[in-house]
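Down below is the structure, laid out as structure tokens.
The values are calculated or read from the model by the stated rules, or taken from the named source; none is laboratory data. Source: prediction; values computed, not measured. With ideal geometry, Cβ positions are generated from the backbone for all residues, glycine too; neighbour counts draw on all protein chains shown.
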Amino acid sequence: MKKTILIGKIGSGKTTLIQRVERRAIAEEKTQMVVYNDFFIDTPGEYVEIRSLYRVLIVTASDADVIAFAQSCIDDEIRFAPGLASVFPKEVIGIVTKIDAAADDSDIIRAREILELAGAGRIFEVSALMDMGVNELVNYLNER
Ligand SMILES: Nc1nc2c(ncn2[C@@H]2O[C@H](COP(=O)(O)OP(=O)(O)OP(=O)(O)O)[C@@H](O)[C@H]2O)c(=O)[nH]1
Ligand SMILES: [Mg+2]
């Protein structure tokens, strides 16, 4: 599996998704710094919420094969700069998270639009908590 860096707001579900994919116990755990896992680089949400920390993301992303932007479908706030994907000279994918909690399809459509605005290419829809859509994402990351 190619190394993937997860980027997204505080609480967007990055760490939980990694726990699911890496078959670890699902436990709440605020990410305080960049964490290198087997297949993922986990980043604190602050790194995308605070523009002056973008450069940390850009440097850290050089260790990854794929950049993944995570957007929760139950959060309508946009913290990705428009076209952010273009600063990474690599493939950028989007991950809509927490689809188990969507009130209806419009929640998921809005999250997809936020990811598209940020410049993400292929977009996946997952629930780490309910293990929905995770296999599809993993298969894709294994394919490459
Ligand atoms: N309903 C639902 N909640 C989820 C899901 N994934 C994560 N959460 C919850 O969302 C909260 C934040 O999840 P985290 O995985 O810690 O979020 P994060 O993106 O790593 O946050 P930072 O480390 O602060 O950047 C936790 O309370 C999780 O239980 C999901 O698939 N569905
Ligand atoms: Mg985290």
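Okay, here's what the table says:
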{"quantity": "Search result, residues across segment 12-24 that are in a loop (DSSP other than H, G, I, E, B) and farther than 16 Å from LEU115 by Cα", "calculated": "GLU22, ARG23, ARG24"}
{"quantity": "Flag if LEU53 is under 25 Å from ILE26 (Cα atoms), surrounded by fewer than 19 Cβ atoms within 10 Å (Cβ to Cβ) and within 16 Å of ligand 2 (Cβ to nearest atom)", "calculated": "no"}
{"quantity": "Which numbered condition GLU116 fails, given (1) surrounded by fewer than 18 Cβ atoms within 10 Å (Cβ to Cβ); (2) in a strand (DSSP E or B)", "calculated": "(2)"}
{"quantity": "Hits in segment 9-24 (condition: on the phi > 0 side of the Ramachandran plot and within 12 Å of ligand 1 (Cβ to nearest atom))", "calculated": "GLY11, GLY13"}
{"quantity": "Tabulated pairs, segment 46-66, first aromatic (Phe, Trp, Tyr), second part of a helix (DSSP H, G or I), C-beta under 7 angstrom, 6+ apart or interchain", "calculated": "TYR47/LEU53; TYR47/VAL56; TYR47/LEU57"}
{"quantity": "Filter result for LEU129 (in contact (Cβ under 8 Å) with a residue 12 or more places away in the chain, aliphatic (A, V, I, L, M) and assigned to a helix (DSSP H, G or I))", "calculated": "no"}
{"quantity": "VAL34 vs. criteria buried (at least 16 other Cβ atoms within 10 Å of the Cβ) and without any contact (Cβ under 8 Å) to a residue 60 or more places away in the chain", "calculated": "yes"}
{"quantity": "Selection within segment 30-61 - aromatic (Phe, Trp, Tyr) and either more than 12 Å from ligand 1 (Cβ to nearest atom) or at pLDDT below 95 (or both)", "calculated": "TYR36, PHE39, TYR54"}
{"quantity": "Pairs where the first residue, in segment 4-31, is near ligand 2 (Cβ under 8 Å from one of its atoms) and the second is of a type outside the set (D, E, K, R) and in a helix (DSSP H, G or I), C-beta under 6 Å, 6+ apart", "calculated": "GLU29/THR15; THR31/THR15"}
{"quantity": "Criterion (in a loop (DSSP other than H, G, I, E, B), closer than 23 Å to GLY133 by Cα and within 13 Å of ligand 1 (Cβ to nearest atom)) met by exactly one of ALA27, ALA68, ALA111", "calculated": "ALA27"}
{"quantity": "Set ALA118, ALA81: member being at pLDDT 95 or above, away from ligand 2 (no atom under 16 Å from the Cβ) and of a type outside the set (Asp, Glu)", "calculated": "ALA118"}
{"quantity": "Output for segment 32-47, where each listed residue is touching a strand residue (DSSP E or B) at 6+ places or on another chain (Cβ under 6 Å) and away from ligand 2 (no atom under 11 Å from the Cβ)", "calculated": "ILE41"}
